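Below is one structure, written out as structure tokens, with a few remarks after it.
The values are calculated or read from the model by the stated rules, or taken from the named source; none is laboratory data. Computed from a predicted structure; not experimentally measured. Glycine also receives a Cβ, built like all others from the backbone with ideal geometry; neighbour counts cover every protein chain displayed. Ligands, DNA and RNA are stripped out before the accessible areas are found, and what is left, the full protein with its side chains, is counted by its heavy atoms. Shrake-Rupley method; radii C 1.70, N 1.55, O 1.52, S 1.80 Å.
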Amino acid sequence: MDSIYSTLAEMVRAGRAVSLATVISSQVEGVRPGIKMLLPSGSEATTGSIHPEINRAVARDAGRLLLEERSLLTVYETAAGTIEVFIESFPPPQELVILGAVHVSITLAKVAKMLGYRVTVIDPRGAFATRERFPDADRLIIEWPEDAFTGATLNGSTSVVVLTHDAKLDLPALQIALSSQARYVGAIGSRTTTAERKEELARMGVTEEHLLRLHSPIGLRIGARTPAEIAVSIMAEIVAERRKA
């Protein structure tokens, strides 16, 4: 038991997605209340076991609830009776990755921080990606997107926003982000630019399924004109995607 709690604490501190399943009540002999199973997101091995007949179902439900950022009490049926399990979700912190240290990005970083997001700003142009312009960013990465995204964890709690209007930056970033597990991927640009960008991404090997994930033109249609208004529309669309609105 102590080992499971220690592992859970380490994973939460590291910002890794994990679920904890605990037996609340049971009609099955040998399955007592308090038995726990730790279920990391992805392909990592679980720790502990509840019952062979329901372990797979618990893991499936834990994965779904983790994506929904919910915890739930669920009743499972076995040949010997029912088992009531509470699945507690520990999703990683919400993160916003902004490619392009432009004017829109400055307000977008501020709004995202107000909503509790960790903010990363990426731009190879060091003159733009400065702490003076982005005091609210958790990280400033002065690298090309291919290098910045190498080893980065783009998971179901990550939103990626591409704001550069520069194909040398846009296309590599979108190619990586659209093929990742990121919940939201958006790019600024007109409908014409979006169509041309999708054609180029398809030539680069991005599948039609992944291209359908792209939010572009970016942001909710609120009639935004100024950089600050555009930032608000982008963040609103990210929240809508997260909350399945």
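Annotations for the structure displayed:
- Any hit, the range 232-243, residues being surrounded by fewer than 21 Cβ atoms within 10 Å (Cβ to Cβ), under 21 Å from Thr107 (Cα atoms), among the basic types (Lys, Arg) and within 15 Å of the chain's Cα centre (by Cα): yes
- Any hit, the range 84-104, residues being part of a helix (DSSP H, G or I) and in contact (Cβ under 8 Å) with a residue 24 or more places away in the chain: yes
- Looking only at residues in the range 57-83 that are assigned to a strand (DSSP E or B) and touching a residue at least 40 places away in the same chain (Cβ under 8 Å), the one that is farthest from the chain's Cα centre (by Cα) is Gly81.
- Residue-level analysis places Leu178 outside the set of residues that are over 23 Å from Ala236 (Cα atoms), open to solvent by less than 30 Å² (accessible area, probe 1.4 Å) and either at pLDDT below 95 or not polar (S, T, N, Q) (or both).
- Some residue of the range 153-160 being modelled with pLDDT of 95 or more, closer than 19 Å to Leu211 by Cβ and open to solvent by less than 10 Å² (accessible area, probe 1.4 Å): yes
- In this entry, Thr78 is excluded by the filter for residues that are polar (S, T, N, Q) and closer than 30 Å to Ser159 by Cβ.
- Scanning the range 1-49 for residues that are in contact with a helix residue (DSSP H, G or I) (Cβ under 7 Å, 6 or more places away or on another chain), free of Cβ contacts under 8 Å to residues at least 60 places away in the same chain and over 18 Å from Glu77 (Cβ atoms) yields Lys36, Leu38, Leu39, Pro40, Thr46, Thr47, Gly48.
- Residues being touching a strand residue (DSSP E or B) at 6+ places or on another chain (Cβ under 6 Å), of a type outside the set (Asp, Glu) and open to solvent by 30 Å² or more (accessible area, probe 1.4 Å) - total across the range 52-69: 1
- Of all the criteria given as (1) exposed (fewer than 11 other Cβ atoms within 10 Å of the Cβ); (2) assigned to a loop (DSSP other than H, G, I, E, B), the one not satisfied by Glu209 is (2).
- Output for the range 26-42, where each listed residue is at pLDDT 90 or above and exposed (fewer than 14 other Cβ atoms within 10 Å of the Cβ): Gln27, Glu29, Gly30, Arg32, Pro33, Gly34
- Some residue of the range 136-145 being under 21 Å from Leu201 (Cα atoms) and either in contact with a Cys (Cβ under 6 Å, 6 or more places away or on another chain) or not charged (D, E, K, R) (or both): yes
- Residue satisfying all of: in the range 140-181; outside any loop (DSSP other than H, G, I, E, B) and of a type in the set (Val, Ile, Thr); nearest to Tyr117 (Cα to Cα) among these: Thr158
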